[in-house]
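The values are calculated or read from the model by the stated rules, or taken from the named source; none is laboratory data. The model shown is predicted, which means the values in this text are computed figures rather than measured ones. Using ideal geometry, Cβ is built from the backbone for each residue, glycine included, and neighbour counts are taken over all protein chains shown.
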Amino acid sequence: MRKPLPEPWRVKVVEKLELLSREQRERVLVEAGYSLFAVPSEAIYIDLLTDSGTSAMSDWQWAGMMQGDEAYAGARNYFHLKEAVEDVFGFPYFLPAHQGRAAESLFFSWLLRGSNDKVIPSNTHFDTARGNIEFHGGTCVDLVVDDIRDPSSTLPFKGNMDLVKLRRFFEETPRERVPVCMLTMTNNAGGGQPVSVANVKATSELCKEFGIPLYIDACRFAENAWFIKQREEGQGHRSVAEIVREVFSYAEGFTMSAKKDGLVNIGGLFCTRDAELLEQLKQRILIAEGFPTYGGLASRDLEAIARGIREVLDESYLAFRTGQVALFGEMLIERGVPLLQPTGGHAVYLDAGAFLPQIPPRLMPGHSLIVELYRQGGVRGAEIGSHMLGDIDDETGQMNTLAAIEMVRLAIPRRVYTNDHLEYVADILGEIAQHKDQLKGYRLTDRARAIPKSMRHFLARFEEIQ
Ligand SMILES: Cc1ncc(COP(=O)(O)O)c(C=O)c1O
């Protein structure tokens, strides 16, 4: 059979990569206190820490950057972005923000003002949304379908909201305590799994029945729409652009980090159909981010987003993008590395608990694996397990609650690495599989336990258990 088409672009600019020697990498790890966040980027060979803000922009986006109109108010690029938001999502009102969490902060600080009893359901809140909601006194509830907790389940839409749980939640919670319902797509914290259009529609209908507005966390809207086109019955003949328009027609608004499917290095959006809410948030954005027509960004950045959200709908790009992630998953399986199935849109999620059964979850098998990946091959990944999601007793250093699955996320930046780069990473993991029973667990240093929990996975330092 003919192989799928290769990258639908050609390379115009290159950036040098350097693999440090094994001794240098050992030294880097010690100096960083075994935290991959503390390793300088230039000491990394292949960086799969995140797909956020790490995209390569196109010549069309760079050309747009040169046309930035850096006026304080009413820059032309604001109007270009306004047009793009209307065309792509069908939304009349928006505010730019410097990244996703700034849009979340704007929205949740207003929504939860002066209260401490509000509860916000979602399929799965991403950690910045959770952080913002909890910081403003709210409580988060995750109501995703149960299949997401089964790494071997190949359900096509494991990111879906569980509608039975959501109905029960609405029935049991007084209406005035639920200011909004969120839907994250794709579901990043849950393995990059998509949400079907039928599920968005049904969630929206349920929200309307109970008088609750539905907002989307829209970071990976195009990858989600591509999965709908590929996997959902009756959707295959439609364009991704049409699917995106339908999905967003069911929502009252959305927050978005443009650093993912906006194909830019910085930027975010808050969008709504509610003119009155927009006016309220304009006052807040003036204090926190800047004038409402630039919202904490240079106008050239607005232009790059305007072009990025149109460009990302290109189906040859989406076919390559999701195909590359799936191919990487196959390479890993061939080398005996257990993964969450099916592979997500932007990352592969390794089942570190199954890979390193000798390390109990409280000693962070995921962390052990990312340290070894760097030591062995200069590759950076991220732990999404009990260190990031669990809860440690600050006095004793014991884990109180553990994550449901001990995962390592290898996120693929958009248009940055070739399949050969990913094969190198797969080979390194294959080598680690040969000596994986020698890997040890980690614990937080005493000083790391003093760091506030919500920030800890970024700032913590570790020691290997001998
Ligand atoms: C689903 C989701 N929501 C929100 C955010 C926050 O975006 P930002 O990093 O731009 O603040 C992210 C970032 O990774 C995300 O994946």
Exercise. Looking at the range 308-350, which of its residues are more than 16 Å from VAL240 (Cα to Cα) and basic (Lys, Arg)?
Worked result: ARG335
For this session: For the range 434-442, indicate whether the set of residues that are crowded, with 16+ Cβ neighbours inside 10 Å, assigned to a strand (DSSP E or B), touching a Phe, Trp or Tyr at 6+ places or on another chain (Cβ under 9 Å) and not acidic (Asp, Glu) is non-empty.
Result: yes
For this session: Sort through THR255, THR186 and tell me the only one that's crowded, with 24+ Cβ neighbours inside 10 Å, within 16 Å of the ligand (Cβ to nearest atom) and closer than 24 Å to TRP110 by Cβ.
Result: THR255
Exercise. Residues in the range 113-123: is at least one more than 9 Å from the ligand (Cβ to nearest atom) and assigned to a helix (DSSP H, G or I)?
Worked result: no
Exercise. Considering only residues of the range 37-54 that are crowded, with 17+ Cβ neighbours inside 10 Å and away from the ligand (no atom under 16 Å from the Cβ), which is nearest to ALA448 (Cα to Cα)?
Worked result: VAL39
Seminar exercise, completed: Per the list (1) more than 25 Å from ARG130 (Cβ to Cβ); (2) over 18 Å from the mean Cα position of the chain (by Cα); (3) surrounded by 14 or more Cβ atoms within 10 Å (Cβ to Cβ); (4) not aliphatic (A, V, I, L, M), residue check on ARG415 breaks on (2)
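Can you tell me how many residues within the range 407-433 are in contact with a strand residue (DSSP E or B) (Cβ under 7 Å, 6 or more places away or on another chain) and either of a type in the set (Lys, Arg) or outside any loop (DSSP other than H, G, I, E, B) (or both)?
So the count comes out to 9.
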For this session: Take VAL195 and decide whether it is under 21 Å from the mean Cα position of the chain (by Cα), among the β-branched types (Val, Ile, Thr) and not in a loop (DSSP other than H, G, I, E, B).
Result: no
Problem set entry | Qualifying positions in the range 361-382 - over 19 Å from THR445 (Cβ atoms) and outside any helix (DSSP H, G or I) | GLY378, VAL379, ARG380, GLY381, ALA382
Exercise. Taking LEU95, is it away from the ligand (no atom under 13 Å from the Cβ), touching a residue at least 12 places away in the same chain (Cβ under 8 Å), buried (at least 22 other Cβ atoms within 10 Å of the Cβ) and within 23 Å of GLY262 (Cβ to Cβ)?
Worked result: yes
Problem set entry | Of all residues making up the range 252-294, the number that are touching a helix residue (DSSP H, G or I) at 6+ places or on another chain (Cβ under 7 Å), closer than 20 Å to VAL197 by Cα and part of a loop (DSSP other than H, G, I, E, B) | 1
Problem set entry | Some residue of the range 153-165 being at pLDDT below 95, away from the ligand (no atom under 15 Å from the Cβ), in contact with a His (Cβ under 9 Å, 6 or more places away or on another chain) and of a type in the set (Ser, Thr, Tyr) | no
